[in-house]
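Please read the structure below before turning to the comments.
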Amino acid sequence: MLANVLATYIDESTEEVQRLLKKTGQEVFMDPLFQEHLAGLDVELLQNTLADARQAYSDGLPSLKGAIVQQYDYVTDPVTPFALANWLVGFLKQPDQLMTLVEWHHRVPLEIVRTGLPMLLEMLEMMPEGRQEWQHAVAIVGLALVASR
């Protein structure tokens, strides 16, 4: 269950995550708990460990693409490791623009986002530094991607 996975990385109860997942995108962004987590992210640490996140995604994205093609017969050119990491940091530097990122993901079927999100979080496990902050950030942004649909 995705709520359990997100709760682990966000460090909140599954019930709180489920509560947020039931909201619309705008409601999630306005929620004090979501705002608290968003404001608490160490964007400087994320910026300083971009290279490690890019490498983790470089190593893991081919497996994610393969799993999605196999499970859903959905073929697309996924985002590059460079763009994936940079976009996350860029949007977190301008959190008022996060809804733009959410809107970009509306073309991706929800089940693919639900399947891919835990895999994206797992890819970060081997980061030598910043792993926990990256996983927290991806889970927070991922929560918004899933909740808004």
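Observations
- The lone exception for residue 84 - which of (1) part of a helix (DSSP H, G or I); (2) farther than 19 Å from residue 117 by Cβ it fails: (2)
So that you can scan it fast, the table gives a plain yes or no per residue for (1) of a type in the set (Phe, Trp, Tyr); (2) part of a helix (DSSP H, G or I); (3) in contact with a Ser or Thr (Cβ under 9 Å, 6 or more places away or on another chain):
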site	(1), (2), (3)
18	no, yes, no
23	no, no, yes
26	no, yes, yes
36	no, yes, no
46	no, yes, no
51	no, yes, no
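- Of all residues in the stretch 40-55, those that are in contact (Cβ under 8 Å) with a residue 12 or more places away in the chain and of a type in the set (Val, Ile, Thr) have Cβ atoms under 6 Å from Cβ atoms of residues that are surrounded by fewer than 16 Cβ atoms within 10 Å (Cβ to Cβ) and in a helix (DSSP H, G or I), 6 or more apart or on another chain, in 43/93.
- Residue 55 vs. criteria of a type outside the set (A, V, I, L, M, F, W, C), part of a helix (DSSP H, G or I) and loosely packed, with under 12 Cβ neighbours inside 10 Å: no
- Top-ranked residue in the stretch 26-52 [being more than 24 Å from residue 129 (Cβ to Cβ) and surrounded by 15 or more Cβ atoms within 10 Å (Cβ to Cβ); ranked as farthest from the chain's Cα centre (by Cα)]: 31
- A residue that is among the hydrophobic types (A, V, I, L, M, F, W, C), out of contact with any Gly (no Cβ under 7 Å at 6 or more places or on another chain), farther than 25 Å from residue 13 by Cα and exposed (fewer than 15 other Cβ atoms within 10 Å of the Cβ) cannot be found anywhere in the stretch 107-124.
- Cβ-Cβ distances below 8 Å connect the following pairs, each with a first residue in the stretch 1-22 that is without any contact (Cβ under 8 Å) to a residue 24 or more places away in the chain and surrounded by 15 or more Cβ atoms within 10 Å (Cβ to Cβ), a second residue that is charged (D, E, K, R) and in a helix (DSSP H, G or I), and a separation of six or more residues or different chains: 7/16.
Taken together, the values in this text are just the output of simple stated rules run on the coordinates, not laboratory data. All values reported here derive from a predicted model rather than from experimental measurement. Glycine gets a Cβ as well: all are built from the backbone with ideal geometry, and neighbour counts include every protein chain shown.
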